[in-house]
Amino acid sequence: MASRIAEVLEIRPSDRTADIGCGTGLFAREVADLVHPQLPLQCVDPSAAMLKQLDASASLLPVQASAEDLAEQRVRLPHGPLDAVWMKEAVHHVADRAATLAGLAELLAPGGRLLIVMLPATIEYPLFSEALKRYEALQPDPAGIAEHLTAAGLRTSLTYVEHQLTLNTERYLAMVRARYMSLLSMFNDEEIEAGIEEIRAHHPEPELRFPDRFAFILGRRDDVPPSSAPSDASGGAG
């Protein structure tokens, strides 16, 4: 995933970068190891507890803020405007997606890229039925997110990447019990245990195989930097 993010965003060592909704910095750390940024990769998350788990590295700079904080300029990043920024599985937490994404687009430098990585509107995970229903009711459609980026003035593309996962069934059930998806935090312990029994009934096999599919929505600001704009040396009347 980290290499795919770096590839799609075309991240260069000289880029000013940010991971919005970075959590504990899992992907930021991997991207930094791949890219070797000249400026630290700015790891943005509203949770101080999450940011405390970042590696002590000169390549990672913690910034406690939400996507809305940045979009509304309540918090300003130390290194900007941004050349490459991504949000992975965080956009569904944003209430006013159109306004927030438009605000984030304004943080881009000319030629800057904003990447949204998210799950599709429906998934084929071996979850219990109530969790899948809740997911489909809450998950935004990637096509709608692409429309928001286009409305924000970015040249936008939407692609999908799919991998087949194979997991030991008991390991996966332990992940469900630990609420590995934020969606599962909406269910109490009794509901989770009932859901696990439902999964067991539908999947008695020792290993689970299912597709993991992600939408990659890339928006690019095509403005030309002022220093690159052609000059009118003639001084002609206009």
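Observations on the model:
- Residue within the range 55-70 that is free of Cβ contacts under 8 Å to residues at least 60 places away in the same chain, touching a Pro at 6+ places or on another chain (Cβ under 7 Å) and closer than 16 Å to Lys88 by Cα present: yes
- Some residue of the range 60-77 being surrounded by 17 or more Cβ atoms within 10 Å (Cβ to Cβ), in contact with an Asp or Glu (Cβ under 7 Å, 6 or more places away or on another chain) and within 27 Å of Ala102 (Cβ to Cβ): no
- The helices (runs of 4 or more DSSP H) found wholly in the range 1-85 and carrying at least 2 residues that are out of contact with any strand residue (DSSP E or B) (no Cβ under 6 Å at 6 or more places or on another chain), more than 28 Å from Asp212 (Cα to Cα) and aliphatic (A, V, I, L, M) occupy 67-71.
Laboratory data are not the source of any read-out in this text; all were calculated from the coordinates shown. Remember, predicted model here, so these are calculated numbers, not experimental data. Cβ coordinates were reconstructed from backbone atoms using ideal geometry, including for glycine residues, and neighbour counts include every protein chain displayed.
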